[in-house]
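The values are calculated or read from the model by the stated rules, or taken from the named source; none is laboratory data. Computed from a prediction, not measured in an experiment: that's the story for all the values here. Counting neighbours? That spans all protein chains shown, and the Cβs are built from the backbone with ideal geometry, glycine included.
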Amino acid sequence: MNSGIYIVANDKVIDNAIALLNSIRLYDPEVLVYLVPFDECHQEVARFLQAKHNVQLFPNLEFVAEFTRQVGEIFDRDFLVLPNKMRKFVLWFGPLEKFLYIDTDILVFEKIASVLEYLEEYEFVNCDYHYRSRQLQDVFSPVVRELGLFGDEQLEDVFNSGFWASRRGIFSEAELYELLRHCAAHREYFDFTYKTTDQPILNYIILKTTQKRLNLVKIIDKEPGSWAGSSHFQAHDNLLFDGDRRLRYLHWAGMPMGPGGPYREIWEHYRYLGEVKPSQVSKPAPIDPKWRKVLRNLKNQLTKK
């Protein structure tokens, strides 16, 4: 079965894309990787990743453009903060039968495509603690539970939209557009407090269309964390550990990645892997970097529950 990895990127995030691909290729030189352009400004990142890491451009850019146009017609202009993030949905109609999607604000620390093996049994696979830490925040409003749209067991399957796997054909184009139109008519279902754009919609559609879902943190004893907002990870040999468990991946979701941000040295290692790191890259961290304030606010919210 044809399988591999998709990323979505443009030239603006070229450094993050390079760091991600450097980490993927370090542990898996052969896995197929496709780039879906986030917008029209993607030539530089596409050329670089193709030359260095044999990353292929998504083969049907006409479909991507048409899907983006349809999304723009379905949703009001003030509904989605970044409508192009919805381009993740074209992955179900791409060349890969089994695929893993990875945001570019992620680094991996293993042969990450091994996650695809679970798709022999499941329709959708993720690996994060969103259901436990954030619960329905950044996904659904209380209306979803009040109306009984999903049961409690289903709502335990909410996930972060930056790292997940699925397989082609779990819904048709017509079914997808119908679901998107339904979402557009019911903005009250979703929590866009932190401007997550695609995450609430993606969660709704996956819960509606799949029966066999798997979150690896629920079946693997002591699965390590993955969020860069967790300050307790320890670095060793350019890997990160949660206690004695090596992280599968690190995701900066909502956290700054620049100098002074969390785990910056790890990111710089992978960004400049095989290159001479420019001396001006690393700068002293500010006394009270903004990410610490964000983290404090999130922790305060969680402790109130």
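Reported count of residues in region 210-232, each being surrounded by 15 or more Cβ atoms within 10 Å (Cβ to Cβ) and either among the acidic types (Asp, Glu) or over 20 Å from Val115 (Cβ atoms) (or both), is 3.
Against the test of being closer than 19 Å to Asp191 by Cα and surrounded by fewer than 21 Cβ atoms within 10 Å (Cβ to Cβ), the options Tyr131, Tyr122 yield a single qualifying residue, Tyr131. Give me the residue from region 173-186 that is out of contact with any Phe, Trp or Tyr (no Cβ under 9 Å at 6 or more places or on another chain) and among the small types (Gly, Ala, Ser) and, out of that set, farthest from Lys212 (Cα to Cα). Among residues in region 173-186 that are out of contact with any Phe, Trp or Tyr (no Cβ under 9 Å at 6 or more places or on another chain) and among the small types (Gly, Ala, Ser), the one farthest from Lys212 (Cα to Cα) is Ala185. Among residues of region 137-150 that are on the phi > 0 side of the Ramachandran plot, those with a beta-carbon under 8 Å from a residue that is in a loop (DSSP other than H, G, I, E, B) and among the β-branched types (Val, Ile, Thr) at least six positions away or on a different chain give the pairs Asp138/Thr193; Asp138/Thr196. Only one of the numbered conditions (1) surrounded by fewer than 21 Cβ atoms within 10 Å (Cβ to Cβ); (2) touching a strand residue (DSSP E or B) at 6+ places or on another chain (Cβ under 9 Å); (3) not aliphatic (A, V, I, L, M) is violated by Thr68, and that is (2). Of everything in region 1-30 that is in a loop (DSSP other than H, G, I, E, B) and among the polar types (S, T, N, Q), the residue that is nearest to Tyr272 (Cα to Cα) is Asn10. Selection of region 134-172 for residues being more than 14 Å from Thr209 (Cα to Cα) and exposed (fewer than 15 other Cβ atoms within 10 Å of the Cβ) yields Pro142, Val143, Arg145, Glu146, Leu147, Gly148, Gly151, Asp152, Glu153, Glu156. Among the residues that make up region 31-54, is at least one of them within 20 Å of Leu216 (Cβ to Cβ) and either outside any strand (DSSP E or B) or at pLDDT 95 or above (or both)? The answer is yes, given that some residue of region 31-54 is within 20 Å of Leu216 (Cβ to Cβ) and either outside any strand (DSSP E or B) or at pLDDT 95 or above (or both). Would you check which residues across region 1-39 are free of Cβ contacts under 8 Å to residues at least 12 places away in the same chain and acidic (Asp, Glu) and list them? Once the filter is applied, which keeps residues that are free of Cβ contacts under 8 Å to residues at least 12 places away in the same chain and acidic (Asp, Glu), region 1-39 yields only Glu30. Going residue by residue through region 186-200, is there one that turns out to be charged (D, E, K, R), buried (at least 18 other Cβ atoms within 10 Å of the Cβ) and more than 20 Å from Ile24 (Cβ to Cβ)? Yes. You will find that of Asn60, Asn54, Asn84, the residue that is on the phi > 0 side of the Ramachandran plot and either of a type in the set (S, T, N, Q) or touching a residue at least 60 places away in the same chain (Cβ under 8 Å) (or both) is Asn54 and no other.
Kindly indicate which of Glu123, Glu97, Glu117 is farther than 28 Å from Ile18 by Cα and either modelled with pLDDT of 95 or more or among the β-branched types (Val, Ile, Thr) (or both). Result: Glu123 is the single residue among Glu123, Glu97, Glu117 that is farther than 28 Å from Ile18 by Cα and either modelled with pLDDT of 95 or more or among the β-branched types (Val, Ile, Thr) (or both).
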